[in-house]
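Step one of this worksheet: look at the structure below.
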Amino acid sequence: MTLTITTSPFADQKPGTSGLRKKVRVFQQPRYVENFVQSVFDVLGDFRGKTLVLGGDGRFLNREVIQTAIRMAAANGFGRVLVGLGGILSTPAASNIIRKYGAFGGLILSASHNPGGPDEDFGIKYNIANGGPAPEKITQAIYLRSKVIDRYLTVDVPDVDLDNLGEFQVAGMTVTVIDPVVDYAELMEQLFDFGAIRTLIAGGFRLSFDAMHAVTGPYAHELLERRLGAPPGTVVNGTPLPDFGGHHPDPNMVHAHELFERMFGTEAPDFGAASDGDGDRNLILGRNIFVTPSDSLAALAANIHLAPGYAGGLKGIARSMPTSRAADRVAHALGLALHETPTGWKFFGNLLDAGMATICGEESAGTGSDHVREKDGLWAVLLWLNILAVRRESVAAIMAGHWACFGRNYYARHDYEGLESTAAEKLVRELRENVPALPGCTIGALTIIEADEFEYHDPVDKSLSQRQGVRLEFEGGARVVFRLSGTGTSGATLRVYLERYEGPDGNLNADTAEALADLVAAANDLAGITRHTGRKAPDVIT
Ligand code: G6P
Ligand code: ZN
C-alpha cells in the first residue's frame, strides 16, 4: 500500500558540484532525505517498472538512507532495485552497474572525500542512465522541485536484509542484493593486461595501496591481492568504516601522509596509491616521487595504448579547466582534440557519450575513461600498473621521460578552507570586476596577458555554464585560476590553482614550491586573499 505523506520544503536542497552534500545532522532532520529523494523521482519522467541502482560508500547513515530509498522507490513505481551488499557500492562500480544492467539511473550515497560520522558529512547524488552524474539541467530541476514539494511516497514495510545476496519482494518491487565487486573486477580484467601485471608483481615489484578505511578496501583486496597476486598487506586500511577510522578519506599529501612517508622512506615500494571515500579519486606515487593528478592524466594519455582496452588509441582528451595544461601537450602531439570543461565530472558525460573523448581528468585527483561515466580510482591504479608492467621503468623514469618530451607544468593548488562565505564571495566579485583591467598589468617579473571568467558551451547539448572560475594567463605560459569550491559543507573554500610551464630544455627538476613562489605572491596580491580573509597561508596544498 502506497502511503502519501505530507511534507513541506527545505530551502537548502540545491545540489553542488557533486550532488547534495550536507552535515549528517542536516540529513537526519525528519523528512529531509525523503524530500530530496522524492524531488529526484518527481523530475525523472517515466521510470515505472524500470531499475534503480542503489549504493553508497558505507559512511555513517548509509544503511538508513538505503532503506528509506528502497521504500520510496517501491512506492514511486520502480520495478527493481539493485543494491550492493551491505548497501555498499563504490561510485565507479555503481556507474558500471547502471550501464551494464541497463538501469534507469542510480542513487549514490556519498560525500566523497569528506569525513564521515555523526558530526561529519553525508551526500546523495543521482546518476542517469549513461552511468554518469545528472547534468545541470536535471540537478537544477531537482532543486526547483525541492522548493515546492508537498508530499512524498513510501510504503510501510520492514527493512530489507542488506547483508545477504539474493532477491526480495518489497511492495511489488524486486530488490536484488548484489556483490559490489564482481562486475567491476570483470570490467577491469577486460581493460588491462592482468597477466603482465601479475608477472611484474611476481618478479618482485612492490606496491602499497591505502584504501583509507573507505569503500575501495574490498575492491583492492580482490583485484590487487587475489587476482594480481600482490602479497597480503599490500592493501592497508582495507576495511571500510562508517567514520573512515576518524580520518579524512581524501588521498592527498595531508590526509594520506602515511603513504607519502612510506613512499619517500628508505624501504619505499616501487608504487604507491590511494583512493577516497567513494573510490573515484586516485593518488599516484612512485619511489620518492608524487605524480600530480594533472601530470598523471598527461602520462596516462601518452601511454594508454599499452593497455589492451585502449590499444586502438584515443578519441580525445578532456580535462577540467583548473587542471594543468600538461595533457594539452599530449593531445597536441597525438593530433587529438583537447576539451576544457568546468570543474565537476558531470561535464565529461556528454563528451564521452558522443565519442569525443576517451580519457578525462581533473586536478582534484580524478581520472577516468569511457569505460564508465565516473572518475575511477582503481582504474587509474591498474592503468599505471599496466604501463609499468609493459615499460619496465620506474615511475620516476617514466615522468622524467615525459617531461623531457613534453616539458613540465609545475602545478599546485592552494586551498583556503572554512572562510566566511560573504568574505569569499566578495573576493571573487572584486576579482571578477577587475578582470577587464588586468591584461597588460605587471606584478614583479610577471605580466598578465589575458584574463577572463571561464564559461563553458557544451558542444553536445549546447548548454552554457557561466562563472566557472577566474583565469589569469601570464607571459611565458604561467597561469593562476581562482574559484570557490562547490563541494564544501560549511563556510566557503577558496581554491587557487597555480601553474608554470617549463619547456623540455628548461629546468625540469626544480622544487614545485620554489618554481611557483612568485605566482603565489602575485595571486595573493591580485585577489587580496589576506585582505579579504585574514589568512596568510593556505590550509591545504595539493
Ligand atoms: C568532486 C567532483 C569533482 C570535482 C571535485 C572538486 O570530487 O566529483 O568533479 O573536481 O569534487 O570540486 P570543488 O567544487 O570542491 O572544487
Ligand atoms: Zn570521491
key: At R0 = 51 Å, FRET efficiency that the Cβ-Cβ distance of residue 539 and residue 202 yields, to 0.05   = 0.75
task = Can you grab the distance from the C-alpha centre of segment 149-206 to the C-alpha centre of segment 62-141, Å, no decimals?
result = 12 Å
note = Lys and Arg at +1, Asp and Glu at -1: neighbours of residue 302 with Cβ under 15 Å from its Cβ sum to +2
message = Can you tell me, using C-alpha contacts under 8 Å and at least 6 residues apart, the relative contact order of segment 184-406 as a whole percent?
response = 21 percent
remark   = Per the helix-only model, the chain has a calculated mean residue ellipticity at 222 nm (DSSP H runs of ≥4, -39500 (n - 2.57) each, divided over all residues, rounded to the nearest 500) of -9000 deg cm²/dmol
Filter on 23/536; 14/50; 137/536 - keep pairs with C-alpha separation over 30 Å = 137/536
inquiry  = Classify the chain from the C-alpha gyration tensor, please: rounded if a/c falls under 1.5, else prolate or oblate depending on whether a/b exceeds b/c.
reply    = oblate
remark   = Of the residues 132, 188, 171, the Cα lying farthest along the dipole of segment 86-214 towards its positive end, which is defined by charges on the beta carbon of Lys, Arg, Asp and Glu, belongs to 132
request  = For every other residue with a beta carbon closer than 14 angstrom to the beta carbon of residue 156, add +1 if it is Lys or Arg and -1 if Asp or Glu, then tell me the sum.
outcome  = -1
request  = Report, in order of residue number, the helices in the chain meeting two criteria: a C-alpha extent of 18 Å or more along the helix axis, and a mean Kyte-Doolittle hydropathy of at least 1.6; treat each whole DSSP H run as one helix.
outcome  = 377-391
Distant-in-sequence amide H partners of residue 121 (H built 1.01 Å from N, under 5 Å) = 24, 116
request  = Counting only C-alpha contacts under 8 Å and six or more residues apart, can you give the relative contact order of segment 473-542 as a whole percent?
outcome  = 22 percent
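Since every read-out is calculated from the coordinates, none of them should be taken as a lab result. A quick note: this is a predicted structure, and the numbers were derived from the prediction, not measured. For neighbour counting, all protein chains shown are included, and Cβ atoms are generated from backbone atoms with ideal geometry for every residue, glycine included.
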